[in-house]
Amino acid sequence: MGIEAAQRRVLGALLERHPALVPTDQLRAELAEVHDIDQALTALITDGLVMQLGGLVGASWVAARTDRLRAD
């Protein structure tokens, strides 16, 4: 799986739970097939699509709003 595919999987999983924050360990366990999860998270956090609070991560409001606009 390429890094962009990994980012899509991670962001998709977080968008399903928005606005909840998810422990990174739980996300890793749920997406065990995504081998580049840490790299994907780092890129998504840097781009502002994922927010991190300690050991918790979640989709940003910008990511959620964009997702809703695309769905309409």
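Read-outs: derived from the displayed coordinates by stated rules, not from any lab. Just so it is clear, the structure is predicted and the values come from calculations on it, not from any experiment. Please note: Cβ atoms are built from the backbone with ideal geometry, for glycine as well, and neighbour counts cover all protein chains shown.
Here are a few things to note about the model shown:
- Where labels lie 7 Å past Cα in the beta-carbon direction, separation of Glu16 and Thr42 in nm: 2.6 nm
- Cβ-Cβ FRET estimate between Ala29 and Arg65, R0 fixed at 30 Å, reported to 0.05: 0.60
- Among Ala32, Ala59, Ala13, residue whose mean-square fluctuation peaks in a GNM of the chain (springs only between Cα atoms under 10 Å): Ala32
- 222 nm mean residue ellipticity, helices alone, for the chain (DSSP H n ≥ 4; -39,500 (n - 2.57); rounded to 500): -18000 deg cm²/dmol
- Structure-derived Cα extents along the principal axes in Å: which label, when the choices are (i) 108, 25, 17; (ii) 68, 17, 15; (iii) 31, 26, 21: (iii)
- Highest-first packing order for the peptide set 20-29, 2-11 is 2-11, 20-29, based on the mean count of other beta carbon atoms within 10 Å.
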